[in-house]
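The structure appears below as structure tokens.
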Amino acid sequence: MDLVYPVSTIERRKLLHYSLRTVRKFGLGVGRIYLVGGREWRKWESKGVKFIHFPDLFANWYLNTALKVWVATLQEEISDPFLYMNDDFFLTRTVYLPEFPVYHEGDLREKLKNPFHDGRYKATIRRTIEFLKNMKSTTLSYELHYPLPIYKKIFREVMERVREVWAVPDLEKGVLWRSLYGNLAGLGGVRWEDGKIYAGHAPQVVHRLLRKHWVVSSEPQPHPELLRSLRRLLMKEKLQEMTEQDA
């Protein structure tokens, strides 16, 4: 199965570097990896990593990301389905990605209780809930920081049907495209706690999340304890590989 990373600002390259390293180390069944973004990302193209040029066009980053996913669904060489990835998704153990479950966080309204979410994001959640309720749809949250399978035709059909809601340049009118797609496509899935690690988390919380989750995520400035843990994890696996080769 192919992986697609919609990438934005080059300042996030450190996150992407770690994400790709964990995918190469722990991801089984991975086909090609695609980066969809501006020209500054072209130099990341290498063996196993392909680049598709599609820069950010709007101030609404939800729209920019959804458009990059749309562009990926139009590429015949990309697998169907493919896995949507973010530059801040880090695998923590070996996982067969073609059978990666669909996860949700429960009802979107529960996200409004998260103290780490700011007012702008909560307003986006409310707009998404209101629209889904008007569509007489479920209101599950697919915003957790886990890979999400994208079925090309279904994605385009669903998103085309509600284009007027998500294809808006103004961030203040944006909605959560993953939750639109997940609910309107009827993805269902397994309820699961998000693996997002925030700057305000104590080190013991970071370690608990690393023990529990197949995938964890980070803020733009990664938690120092998360970086230390990822380095140890990758080094441990590298040393184990070297030992097995020498045996």
Does any residue in segment 109-122 that is touching a residue at least 24 places away in the same chain (Cβ under 8 Å) and outside any helix (DSSP H, G or I) come within less than 8 Å, Cβ to Cβ, of a residue that is surrounded by 11 or more Cβ atoms within 10 Å (Cβ to Cβ) and of a type in the set (Ser, Thr, Tyr) six or more places away or on a different chain, and which pairs are these?
Phe116/Tyr198
Candidate set: segment 1-43, residues that are in contact (Cβ under 8 Å) with a residue 12 or more places away in the chain, in contact with a His (Cβ under 9 Å, 6 or more places away or on another chain) and surrounded by fewer than 21 Cβ atoms within 10 Å (Cβ to Cβ); chosen: the one farthest from Pro81 (Cα to Cα):
Arg39
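Counting only residues that are in contact with a Pro (Cβ under 6 Å, 6 or more places away or on another chain) and not aromatic (Phe, Trp, Tyr), which one in segment 44-68 is surrounded by the fewest Cβ atoms within 10 Å (Cβ to Cβ)?
Thr65
Tyr151 - would you say it is in contact with a Pro (Cβ under 7 Å, 6 or more places away or on another chain) and buried (at least 16 other Cβ atoms within 10 Å of the Cβ)?
Details: in contact with a Pro (Cβ under 7 Å, 6 or more places away or on another chain): yes; buried (at least 16 other Cβ atoms within 10 Å of the Cβ): yes.
Considered against the rule, which asks whether it is in contact with a Pro (Cβ under 7 Å, 6 or more places away or on another chain) and buried (at least 16 other Cβ atoms within 10 Å of the Cβ), Tyr151 comes out as yes.
Step by step: first the residues of segment 161-187, then only those that are under 17 Å from the mean Cα position of the chain (by Cα) and farther than 13 Å from Arg127 by Cα, then the one that is surrounded by the fewest Cβ atoms within 10 Å (Cβ to Cβ). Which residue is that? Lay out the reasoning, then the answer.
Going residue by residue through segment 161-187, those that are under 17 Å from the mean Cα position of the chain (by Cα) are 175-183, 187.
After this cut, where a residue has to be farther than 13 Å from Arg127 by Cα as well, the list is 178, 181-183, 187.
Values: Arg178: 22, Tyr181: 23, Gly182: 25, Asn183: 24, Leu187: 19.
Checking each candidate, the answer is Leu187.
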Every residue in segment 82-119 that is surrounded by fewer than 13 Cβ atoms within 10 Å (Cβ to Cβ) and among the β-branched types (Val, Ile, Thr), please.
Thr94
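I want to confirm something. Restricting to segment 18-38 and keeping residues that are in a helix (DSSP H, G or I) and within 17 Å of Tyr96 (Cα to Cα), which single residue is nearest to the chain's Cα centre (by Cα)? Quick ask: steps written out before the conclusion?
From segment 18-38, those in a helix (DSSP H, G or I) are 18-26; that's our starting set.
Subsequent filtering for residues that are within 17 Å of Tyr96 (Cα to Cα) retains 19-26.
Working: Ser19: 11, Leu20: 13, Arg21: 16, Thr22: 14, Val23: 13, Arg24: 16, Lys25: 18, Phe26: 17 Å.
Here the answer is Ser19.
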Does Val216 satisfy the criteria of being surrounded by 22 or more Cβ atoms within 10 Å (Cβ to Cβ) and at pLDDT below 85?
yes
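What are the residues in segment 167-198 that are part of a helix (DSSP H, G or I) and among the charged types (D, E, K, R), if any?
Glu172, Lys173, Arg178
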Please work out which one of (1) more than 28 Å from Arg231 (Cβ to Cβ); (2) of a type outside the set (Val, Ile, Thr); (3) over 14 Å from the mean Cα position of the chain (by Cα) is the condition Arg93 fails and give its number.
(1)
What pairs come up if the first residue lies in segment 212-236 and is within 26 Å of His104 (Cβ to Cβ), the second is part of a loop (DSSP other than H, G, I, E, B) and among the hydroxyl-bearing types (Ser, Thr, Tyr), and their beta carbons are under 7 Å apart, counting only those six or more places apart or on different chains?
His213/Thr92; Trp214/Thr92; Val215/Thr92; Val215/Tyr146; Val216/Thr92; Glu219/Tyr198
Residues in segment 63-108 that are under 17 Å from Gly189 (Cα atoms) and part of a helix (DSSP H, G or I): how many?
4
Residues of segment 39-59 satisfying the condition of being within 19 Å of Val69 (Cβ to Cβ) and assigned to a strand (DSSP E or B)
Val49, Lys50, Phe51, Ile52, His53
Search result, residues across segment 123-154 that are at pLDDT 95 or above, among the hydrophobic types (A, V, I, L, M, F, W, C) and either under 25 Å from Gly27 (Cβ atoms) or assigned to a strand (DSSP E or B) (or both)
Leu140, Leu148, Ile150, Ile154
In segment 128-144, which residue that is charged (D, E, K, R) and over 24 Å from Trp192 (Cβ atoms) is surrounded by the fewest Cβ atoms within 10 Å (Cβ to Cβ)?
Lys136
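The values are calculated or read from the model by the stated rules, or taken from the named source; none is laboratory data. Fair warning: this is a prediction, and the values are worked out from it, not measured in the lab. FYI the Cβ positions are ideal-geometry reconstructions off the backbone, even for glycines, and counts take in every protein chain you see.
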